[in-house]
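Encoded as structure tokens, the structure appears first; notes follow it.
Derivation of every value follows stated rules applied to the coordinates shown; laboratory data play no part. This structure is a prediction, so every number in the text was calculated from the model and none was measured. Here the Cβ is made from the backbone with ideal geometry for all residues, glycine too, and neighbour counts use every protein chain on show.
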Amino acid sequence: MKIITNYRIVIKEIRITLLLVLILCILVPQSLDAQSWGGKRKAGFLDNWAINANVGLSSFFGDLSKFDTEISKKLTQESGPAYGIIATKYFLNNKIGVSGQLLFGNLKGENNNKISFESSFSEYNLHARFNLINIFSPYNMSKIGLEVFGGLGQFKFKTTQWDRSQEELKVNIHDTGTPEFVYFFGLGMFYKVSEKVRITADFSMRQAQNDKLDDLAKDDNNDYYSFVGIGVTYYIYSFKKASVYGSRGSATRGRYPGRLPMRRRR
């Protein structure tokens, strides 16, 4: 269980940082959005949004898992289908995003004592996303992007456990009544198909604030689950139908932010 111990140490170190980052991103004033030439208005709340739909696999790490360090067996024997949707509001020329996510998935696992389980869960969360390429290379024209993200949320789950360690089969069902907290961090990549469409790939590791996902409490260690998925993102420059931002933005599309067009000499 060394891999679980390492995840726990990392999460403890970044938890306070993530909370502060989320608060900062939510409260960041609109005046911080970069201004462009020609008197174009600043981006408002209804500008610079993205909607992402994704599908993939959710995997379990805990007492009833045997393949935590074997990726192929983890994905084929201790994972289940998952899907979700993410809505993101971007700030600072798409360098930082504040996102809300809905995630639905399935988990499964077993140990060497003939105890196995299956679980379904639903999660909602709030997290911050940082576009590393835009942060370190603001004027890049690359179609490939790299993001890191992290945040917190709540989840509910229903677990069925089968205990075959004795002669008589025991079936236990645990259905959580109230949402419980989860912390997570991850890494994402995307490819720009067009100006408004991107193909995405994300991986994230989550720490559940309980030891009940597999319905087997041992040494009071928290359970973990991951999500790896691919998706499609659609960008919305503005929800407003008549927008100076939209009309003037199209005229400057393709130029580096903050640079003036060259004037023709007379």
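Based only on other Cβ atoms within 10 Å, what is the fewest-to-most ordering of D175, D223, D211, D68?
With the sparsest Cβ surroundings first, the list reads D175, D211, D68, D223.
Enumerate by residue number the trypsin sites (Lys or Arg not before Pro) in region 139-236 meeting two conditions: DSSP loop (anything except H, G, I, E, B), and at most 15 other Cβ atoms within 10 Å of the site's Cβ.
Listed in order of number, the matching sites are K143, R164, K196, K218.
For I144 and T176, what is the calculated FRET efficiency with R₀ set at 45 Å and r taken between the beta-carbons, to the nearest 0.05?
0.70
Take S238, S58 and order them by how many other Cβ atoms sit within 10 Å, fewest up front.
Starting with the residue having the fewest Cβ neighbours, the order is S238, S58.
In percent, how large is the relative contact order of region 186-226, given Cα pairs closer than 8 Å and 6 or more residues apart?
33
With each label point set 7 Å from Cα along the Cα-Cβ vector, what nm distance links F130 and A201?
2.3
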